[in-house]
Amino acid sequence: MRIGVLTSGGDAPGMNACVRTVVRTAIHFNLEVYGIYRGFHGLIKDEIEPLVSKSVSGIIQRGGTVLKSARSKGFMTDEGQQIAVDQLKKHEIDAVVVIGGDGSFRGARALEKHGVKVMCIPATIDNDIACTDFSIGFDTAVNTVMDAVNKIRDTASSHERIYVVEVMGHHSGYIALYSGLAGGADSILIPEVPFDLDQVCDKISSAYHRGKNHNIIIVAEGVGIKPGAAAENSSVAIGKYIEEKTGCETRITILGHIQRGGAPTVKDRLLASRLAYTAVNLLHQGKSGKMVGEVDKLVKAWDLEYALSQDQQLDMEYYHLANILASV
């Protein structure tokens, strides 16, 4: 049996640890393994080459992805998908391990409909994939945000300012919620929960009356964004509104792509290794069309179709706890 492995979508710390385990587990089961570079785009362009154990030596600690990642408009078409399938046949690749997020999984499903065996591994810092408690890269991203917030708090306290810190998450508030709770944020604004900026301002004023000389507000980048009205709802606009309403000096920090980089944490390396081993093992057993995830510390396999039909649910107990801790 010959398998291919690709990374697709936004890069996430731990992808390299995942690729490493896919390759070495495949070798363990006497399978041949091929690396597909630049995701589905590279698959169409025949950017495929064999991988051996040495190919993945020294990458477990590296962020990003050695297989690279790229968007592929061509793969969204039937013609592009057929070209991709033909490339797999050319290299006699029987199955593909797809490492990525929701869009990557949909690409895998397209391959499966063309008769290709697939196995999916969730890797996205947004943690917006259902059927797994956490996806690869999330823990590292949250720790990166935490480090930044710790530094920002020093300046916020020294200058008695309000800091609005924007983190990634167009449709998911996981990074904002977890970093906000762990970082002691005074307010957390996430897409899943409606908010009233006037109430946020009242909360800030109340804190100042209690003697608190600074505030940290964590904002997910997708908060309040509507088609044609993004400028009115951005973190910059939120910061300006807070400054005007409270009269307190306010600064806005957009952390951006720094959240995607860096060496993966122990948790992400372990998660990547466990999920990748299970994915290859399942292919070796002749199974296909699955997504592997970790639920309650156990690695499980779910039908890909089912996983794509589900929404990742935010744990609202964390949100309520954060509000309680910030209100007294």
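The values are calculated or read from the model by the stated rules, or taken from the named source; none is laboratory data. Only a predicted model underlies this, so the values are computations on that prediction, with no experimental measurement involved. Cβ placement follows ideal geometry from the backbone for every residue including glycine, while neighbour counts extend to all protein chains displayed.
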Query raised in the report: How many residues, within the stretch 28-52, are assigned to a helix (DSSP H, G or I) and touching a helix residue (DSSP H, G or I) at 6+ places or on another chain (Cβ under 6 Å)?
Result: 3
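Checking the conditions here, which among G64, G14 is of a type in the set (G, A, S), touching a residue at least 40 places away in the same chain (Cβ under 8 Å) and out of contact with any strand residue (DSSP E or B) (no Cβ under 7 Å at 6 or more places or on another chain)?
Working: G14 fails: out of contact with any strand residue (DSSP E or B) (no Cβ under 7 Å at 6 or more places or on another chain).
Exactly one residue qualifies, and that residue is G64.
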Query raised in the report: Do we find a residue being surrounded by 14 or more Cβ atoms within 10 Å (Cβ to Cβ), closer than 17 Å to V22 by Cα and within 21 Å of the chain's Cα centre (by Cα) anywhere in the stretch 226-236?
Result: no
Requested in this report: Return the total of residues in the stretch 81-101 being without any contact (Cβ under 8 Å) to a residue 40 or more places away in the chain and either surrounded by 16 or more Cβ atoms within 10 Å (Cβ to Cβ) or farther than 14 Å from G4 by Cα (or both).
Outcome: 4
Report task. Residue by residue through the stretch 161-197, note down the ones that are touching a Phe, Trp or Tyr at 6+ places or on another chain (Cβ under 9 Å) and among the acidic types (D, E). Result -> E192
Report summary line: Per the filter on the stretch 249-281, residues surrounded by fewer than 19 Cβ atoms within 10 Å (Cβ to Cβ), in contact (Cβ under 8 Å) with a residue 40 or more places away in the chain and either aliphatic (A, V, I, L, M) or in a loop (DSSP other than H, G, I, E, B) (or both) are E249, I254, I258, G261, G262, A263
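Within the stretch 56-91, can you find the residues that are basic (K, R) and either in a loop (DSSP other than H, G, I, E, B) or at pLDDT below 95 (or both)? Talk me through it step by step, then tell me what you get.
Just the residues of the stretch 56-91 that are basic (K, R), to begin with: 62, 68, 71, 73, 89-90.
Those that are basic (K, R) and either in a loop (DSSP other than H, G, I, E, B) or at pLDDT below 95 (or both): R62, K68, R71, K73.
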Requested in this report: Read through the list (1) outside any helix (DSSP H, G or I); (2) touching a helix residue (DSSP H, G or I) at 6+ places or on another chain (Cβ under 8 Å); (3) under 17 Å from C18 (Cβ atoms), then give the number of the only condition that D128 fails.
Outcome: (3)
